[in-house]
C-alpha cells in the first residue's frame, strides 16, 4: 500500500483511546497511522465529516446513541469511510446491530495490537473482519434452530453451504490463510465468501436478524 | 347505625401531647385556651389552631348541634380530650370580655334552638343517616392521622391545600362533591314524602359518601402514590445494595489483588481475565443482572453454560485466554457431560503443552450432533508418535468419547498447532430436564458404555492441510 491507512478512534474512554494509540504506534507498523480521535458521538461526526479518515475504530457503547449513532450520521454521507466496531460488549444484539448499521467488522477490545493492525488493514482493503465470536453470532442468526424460518429472499436469507463452512472455520479460530488451505480454495475466495456473509447479515430480513435490529430500533 | 355524631375531620380526636406549643408546620397546637374562655376554651383553641375567627367556630358548633346534637357532643368530647394550654407566665387567666360573652351565649342559644327545631320537624332522625357514615369516615381519618408520622402529616397538609387550591379542577371537584352531599341530604328530605324511608336513606348515604370521596380525592391519590413511591424506593435501595455488594465482592477485591501482585504480569492477567469473565456473566449472562429474568438457567444445566464454565476454569488455572464460541445449545445429559469433560481435557493439554496465550473453543449443536473444536496455534505434535502411556489424550479424551458413543479426532503437526474435534450424538429425549445427572436418558441411547460403532480416529492426515 502506497500510503498508510488513516485511522480515527471513537471511544468515550480517553484512557482506552490513549492505550490503542500507544499500542498501534508501538507496533511501528507503517501500514497504519492514527490521524484523530473523538470522545463523543457529536465530536466524532464533526471530525470525521471534516477530514474523512480511511478507517474508523468505533466503540459500540457510548452516551447519545453509541457507535450506531455515528454510523447512521456518517455512513450515508461518506460511504468510503470504513467502520470497524471495537467493543467490550459480547452481547449478540449489540454486535449484530452495529454490523447492520454498516460496520465492516467487529473485534473485541481484548484483541492484541498486532491483530488490530491487521484487521484495520484488512477492512481498509475492503474485506470484512469477523472475529470468531461474530462468526458464531451470524451462524446462530442464520440457523433454523427455532424451526425453519420463512425465506422471503433466498439470495439474502440463506447462507450457502460454502459460506457456512467458512464461517464455522472462522468461529473455530482459523485465519483466512488456514481456511483457504483447509477448503482448497484461494484466500481471495475466502474473502469473497466472508464479504457475502457480511452483506447478507446487513441486508437480510430474517427473523432473528430483524429482531436484533428492531430491539435496537434500527429498522 | 346509631348515628353517634363525631367532630369533623379536621379536629383530631386526640391531639398530640403538648410537647411544644407549635406543630412542625408552625401551626399552634390544638389546646384549650385558658384566656377568653366562655365555657371550656374549646372554640378558642380550635380557632387558634385553624387560624380562623372564633365566631366561625362557635357558629359551626351551633350548626352541628342541629344535626342530632352533634355539635354538643363534639364540644363535650373535645373538652374532655383536648388538654388545656398552660397559661403564659405573666398572663393572668382572665374571663372573656362582656361583648364576646354575649355573642357566645347568643350563638349557643341559636344552636339549642336549631336542635329543638330540627327534632321537632323530625329532621334529626334523618340527619342521623347521613351523619353516621360521615362520623365513621371521621373516626377513620382521625386514626390514619394519628398513625402517620410528622413528615407524612406535613405532606398531607400540603395536599390539603390542593383541595381548595386555585386550580379550576379542584374547584369543580369541590363543587361537585358538595352538590352530591347536598343531593344526598335532599334525597332523604324528598324520601320523607315519596319513598320508603330505608330506600331513600340508602341513596342518601351513598350520595353523601360519594361526595366525600370526591372532595378527598387528592388525599386518596396521595396515599396510593405514597405507597407506590415507598415500594419503588425500597426496590431501588435493594438494587443499589446488591450492585454495591457485587462490585465490592468482585471488582474491588480483584483490584486490590492486582495491586499486590503488580510485579507478576501472568498473575495480573489471570486475575483480570477471571474478573472480566465474572463481571460479563453477571451483566450479560442468562442469570445475569441485565437479563430480563425469564427462565433463569442454572449454570451447568446446558451445554453452553457447562462449556463456558470449563473454559473459565482453564483460564483461571493456566492464565491463558480461552474464547468459547457456542452456536446452539442443548440441555445436559451424561453424554454431553462426557463431551464437556473431554473438551476440558483438550483445553488443559493445549494450555500445558502448546505454549500459546490463546485457545479457541467452538461448539455447535446441529442435526442431532454436538461438536466441540478445541484449537491452538501452538507447537503441535505428531499424534502417531504419542506413546500409549499418555493418559490425557488416550483415556481422558478418546476413551471417554468412545464410551459415550462419540468420536474424537486429533489433528496436529509439529509447528502448526493442534485441533481436537469431539462430537457426540445428542440423545433425542435429552431435553427432559431430569436426566441431567447420572443414570438419566439410558433408555433413549442404547449401549452407551461400550458402543462398538464409536469410531475413534487419530490421524494427522485426516483433516490436515495437504
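The values are calculated or read from the model by the stated rules, or taken from the named source; none is laboratory data. The structure displayed is predicted, hence computed values, not measured ones. Positions of Cβ are generated from backbone atoms using ideal geometry, with glycine treated the same way; all protein chains shown enter the neighbour counts.
Quick rundown of the values:
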quantity: Region B:398-428, subset assigned to a helix (DSSP H, G or I) and in contact with a strand residue (DSSP E or B) (Cβ under 6 Å, 6 or more places away or on another chain), residue surrounded by the most Cβ atoms within 10 Å (Cβ to Cβ); calculated: B:401
quantity: Any chance residue B:211 is at pLDDT 75 or above and surrounded by 13 or more Cβ atoms within 10 Å (Cβ to Cβ); calculated: yes
quantity: Unmet requirement for residue A:108, which otherwise passes all of (1) out of contact with any strand residue (DSSP E or B) (no Cβ under 7 Å at 6 or more places or on another chain); (2) within 13 Å of residue A:59 (Cα to Cα); (3) within 12 Å of another protein chain (Cβ to nearest Cβ); calculated: (1)
quantity: Of all residues in region B:329-355 being part of a loop (DSSP other than H, G, I, E, B) and away from chain A (no Cβ under 11 Å), the one that is surrounded by the most Cβ atoms within 10 Å (Cβ to Cβ); calculated: B:333
quantity: Among the candidates A:121, A:56, residue that is out of contact with any helix residue (DSSP H, G or I) (no Cβ under 9 Å at 6 or more places or on another chain), over 23 Å from residue A:205 (Cα atoms) and surrounded by 18 or more Cβ atoms within 10 Å (Cβ to Cβ); calculated: A:121
quantity: Pick from region B:358-381, criterion surrounded by fewer than 19 Cβ atoms within 10 Å (Cβ to Cβ) and either more than 30 Å from residue A:115 (Cα to Cα) or at pLDDT below 80 (or both), ranking: nearest to the other protein chains (Cβ to nearest Cβ); calculated: B:366
quantity: Residues being crowded, with 16+ Cβ neighbours inside 10 Å, within 14 Å of another protein chain (Cβ to nearest Cβ) and more than 19 Å from the chain's Cα centre (by Cα) - total across region A:182-213; calculated: 3
quantity: Leading residue by the ranking (nearest to residue A:122 (Cα to Cα)) among those in region A:159-175 that are surrounded by fewer than 20 Cβ atoms within 10 Å (Cβ to Cβ) and either in contact (Cβ under 8 Å) with a residue 60 or more places away in the chain or more than 9 Å from chain B (Cβ to nearest Cβ) (or both); calculated: A:163
quantity: Filter result for residue A:203 (touching a residue at least 12 places away in the same chain (Cβ under 8 Å) and within 21 Å of residue A:74 (Cα to Cα)); calculated: yes
quantity: Residue that is farthest from the chain's Cα centre (by Cα) [pool: residues in region A:6-33 that are modelled with pLDDT under 90 and part of a strand (DSSP E or B)]; calculated: A:33
quantity: Some residue of region B:75-93 being in a loop (DSSP other than H, G, I, E, B), in the same structural domain as residue B:212 (by TED's automatic domain parsing), in contact with a helix residue (DSSP H, G or I) (Cβ under 9 Å, 6 or more places away or on another chain) and modelled with pLDDT of 80 or more; calculated: no
quantity: Selected residue (only one of B:5, B:17, B:12 is outside the structural domain of residue B:99 (by TED's automatic domain parsing), loosely packed, with under 15 Cβ neighbours inside 10 Å and either under 22 Å from residue B:105 (Cα atoms) or modelled with pLDDT under 65 (or both)); calculated: B:17
